[in-house]
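Report on the following structure.
The values are calculated or read from the model by the stated rules, or taken from the named source; none is laboratory data. Keep in mind that what you see is a predicted model, and the values were worked out from it rather than measured. Here the Cβ is made from the backbone with ideal geometry for all residues, glycine too, and neighbour counts use every protein chain on show. Each accessible area value is taken on the protein alone, full model and side chains, heavy atoms only, with ligands, DNA and RNA left out. Shrake-Rupley method; radii C 1.70, N 1.55, O 1.52, S 1.80 Å.
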Amino acid sequence: MRLLILPAFASIMFAQPPLIEGLAASPVRVLIYEDLQCPDCANFRAEMEKELLPRFAKTVAFEHRDFPLAKHSWARKASIAARFFATVSPEMGIEFRRVTMAKLREIKPEAFDQHVGDFATAHKIDRAKAIAALDDPALAAAVEKDYQEGVARGIARTPTVLVDGEPFIERFPIADVIKSIEAALSANKK
């Protein structure tokens, strides 16, 4: 019998709740299947910061799901890094996602580990541990679980945003998402 020994921080992943912004206990759920290297996801993230979070953070749960596309060279590593930073704190995981999408066009595939290390250093997290986490099988398995759940739901493009099950795929007016969230909130008041 052969035992697989995982780094100490890997076991944290199994107990890690999904990354949620807003009101985690809300019955209105907005699932966001995102690829951290996707320009459309970065655009949605900017709209989320500008329009959705200021308006709905106190009433809606915005739940992030990893859906790294094969066409993006560092998207899977970015999802794994975000999972690692979320083991430090959920807010740190969200911040890594935010910063990565904001710097999307600046990050070069060959310098992705540098990006992770720089983020870790800026947030007083052990740089070497953060970079080593990119090879953590438990974190990779958690990303793959999100991805496979997305595939099972029929997700193929990013971002795919589900507002209480109603899909918004790739490029869509933020006003349509707002209307859907408002309708879901109204329905849950009844």
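In table form, for the structure just shown:
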{"read-out": "Out of 104, 52, 36, sole residue that is at pLDDT 95 or above, surrounded by 15 or more Cβ atoms within 10 Å (Cβ to Cβ) and in a loop (DSSP other than H, G, I, E, B)", "value": "36"}
{"read-out": "Members of segment 135-172 found to be without any contact (Cβ under 8 Å) to a residue 60 or more places away in the chain, under 14 Å from the mean Cα position of the chain (by Cα) and surrounded by 14 or more Cβ atoms within 10 Å (Cβ to Cβ), listed by number", "value": "144"}
{"read-out": "Lone qualifier among 57, 82, 61, 78 - being within 25 Å of residue 125 (Cα to Cα), free of Cβ contacts under 8 Å to residues at least 60 places away in the same chain, open to solvent by less than 60 Å² (accessible area, probe 1.4 Å) and not acidic (Asp, Glu)", "value": "78"}
{"read-out": "Members of segment 107-122 that are assigned to a helix (DSSP H, G or I) and open to solvent by 90 Å² or more (accessible area, probe 1.4 Å)", "value": "110, 114"}
{"read-out": "So residue 129, is it touching a residue at least 40 places away in the same chain (Cβ under 8 Å) and over 18 Å from the mean Cα position of the chain (by Cα)", "value": "yes"}
{"read-out": "Qualifying residue in segment 160-169 (condition: of a type in the set (Ser, Thr, Tyr), over 22 Å from residue 58 (Cβ atoms), in contact with a strand residue (DSSP E or B) (Cβ under 6 Å, 6 or more places away or on another chain) and not in a loop (DSSP other than H, G, I, E, B))", "value": "yes"}
